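Step one of this worksheet: look at the structure below.
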Amino acid sequence: MRKKCYPQKSGIFRFVNLGKFIIYGAETACTQEEVNKIMESAKIAQKSWAKTPLWKRAELLHRAVAILKEHKAPVAECLVKEIAKPAKDAVTEVVRSGDPVSYTAEEGVRILGEGKFLVSDSFPGDERTKYCLTSKIPRGVVLAIPPFNYPVNLAVSKIAPALIAGNSLVLKPPTHGAVSALHMVHCFHLAGFPKGLISCVTGKGSEIGDFLTMHHGVNCISFTGGDTGIAISKKAGMIPLQMELGVKDACIVLEDADLDLVAANIIKGGFSYSGQRCTAVKVILVMESVADVLVEKVKAKVAKLTVGLREDDCDITPVVSESSANFIEGLVKDAKVKGATFCQEYKRDGNLIWPLLLDNVQPDMRIAWEEPFGPVLPVIRINSVEEGVHHCNASNFGLRGCVFTKDVNKAILSVMQWRRTVRINSAPARGPDHFPFQGLKDSGIGSQGITNSINMMTKIKTIVINLP
Ligand code: G3P
């Protein structure tokens, strides 16, 4: 019998024994004194790490990848237990996390191994009396704050660029997902990174968040999560920020689209990991003339999704917390009162919510604008591509979108009007992980992707040589 409320217990694990892989887990919360100590060690460790040759930094990253892949089973098991990620997806997350670290090591050696050389007489009025040399140097301590939905993958995408660039790294793992992240960090420790270089601060953001993000020892913040990021950006001061925040990724479907392809992409894009992905399809804007057919196709596929236990590798598993389930339910109830068409019966048991497609959603419904981060997908019927694009641009968010049509010209013309990144004929996604990834408006600041992250975590050092 399934338990009522699936756990995703917050960081109270003290000891986790997973066969040969044993690690002390997270305390409920680090104190401010502990945070100060961690920052001090991070500063000290960074100074000698910055002098460690690039090739050696890269070598250690490659070693960490090998160890992480070797321990993929226990780390994935943590993901299953902590955040209810379906078992197969949990293994994929761990394996997928190794590849960007290797790529970062290689890319880092290339882009940090190069500098620039400028001569002064290329500027009007100047003689050739000065040589300018520039190179990239580390910022110092990078604070990484990944979200619960990818506690391993979105942590390494911040850790690896920070380290290759010569920074030390303080990780604040998500409350749900802390143990998975700690196991992953342990793999880095086993690889031989020096003491103090990679540290973890566990605890609730509400308790230590401000102290950490406003700490004078932090030189750069990379954050993925919700609205908290906006508050952080207001308090953080003059340090570079890389943030990916709330979203409402849209899928526009034109009359000539391949509706089977669209339906398959909606299922994968909207319901994988129960809709708890920043890049999940969160609203469908479909041309009225093909809406009935599309809705029927999606309905048929929704009926085949399995719902239940994460260990049984079900398609739809419980959302991360009861409060998240309550929020989703609020959106559903609002849509009900305002007259949306329910394609399935709304069903909830604890924090498990059955997949739900809501048709005929209108702009006055919250679900048309807000992000459920769960398996509930609204359909808005439109009469022109402009209407769809207008809806997307009217949103506070601007991360991803997709458009389905066989007419490439039409697709490109519409894409140019969207204020976000758009995929043509496939559901939005972040990967491959070296692609640039950025949110506009309230969806974020700065750009991710391996090269962009390395650049953001470095500053330019300039030397000017005056010639006699
Ligand atoms: O932060 C982005 C994440 O939630 C989605 O990533 O790889 O599932 O497209 P992905």
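Nothing in this text is a laboratory measurement; each read-out follows from the coordinates by a stated rule. Since we're looking at a predicted model, the values are computed, not measured. Using ideal geometry, Cβ is built from the backbone for each residue, glycine included, and neighbour counts are taken over all protein chains shown.
Summary table
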quantity	calculated
Options PRO372, PRO363: the member that is part of a loop (DSSP other than H, G, I, E, B) and buried (at least 18 other Cβ atoms within 10 Å of the Cβ)	PRO372
Pairs with Cβ under 6 Å, 6+ apart, first in the range 87-106 and of a type in the set (Phe, Trp, Tyr), second within 15 Å of the ligand (Cβ to nearest atom)	TYR103/HIS434; TYR103/ILE450
Qualifying residue in the range 129-149 (condition: without any contact (Cβ under 8 Å) to a residue 24 or more places away in the chain and more than 14 Å from LEU197 (Cα to Cα))	no
Odd one out for LYS88 among (1) assigned to a helix (DSSP H, G or I); (2) within 16 Å of the ligand (Cβ to nearest atom); (3) in contact with a strand residue (DSSP E or B) (Cβ under 7 Å, 6 or more places away or on another chain)	(3)
Test: VAL298 is touching a strand residue (DSSP E or B) at 6+ places or on another chain (Cβ under 8 Å), among the β-branched types (Val, Ile, Thr), in a loop (DSSP other than H, G, I, E, B) and touching a residue at least 12 places away in the same chain (Cβ under 8 Å)	no
Cβ-Cβ under 8 Å pairs, at least 6 apart or on other chains, the range 257-281 side closer than 16 Å to ILE316 by Cα and more than 10 Å from the ligand (Cβ to nearest atom), far side small (Gly, Ala, Ser) and part of a helix (DSSP H, G or I)	VAL281/GLY269; VAL281/GLY270
Filtered residues of the range 427-463 (kept if within 16 Å of the ligand (Cβ to nearest atom), assigned to a strand (DSSP E or B) and surrounded by fewer than 16 Cβ atoms within 10 Å (Cβ to Cβ))	LEU440
Hits in the range 233-256 (condition: within 16 Å of the ligand (Cβ to nearest atom), in contact with a helix residue (DSSP H, G or I) (Cβ under 7 Å, 6 or more places away or on another chain) and either closer than 30 Å to ARG139 by Cα or part of a loop (DSSP other than H, G, I, E, B) (or both))	LEU241, GLN242, MET243, LEU245
Residues located in the range 214-229, provided they are under 20 Å from the mean Cα position of the chain (by Cα) and more than 16 Å from the ligand (Cβ to nearest atom)	CYS220
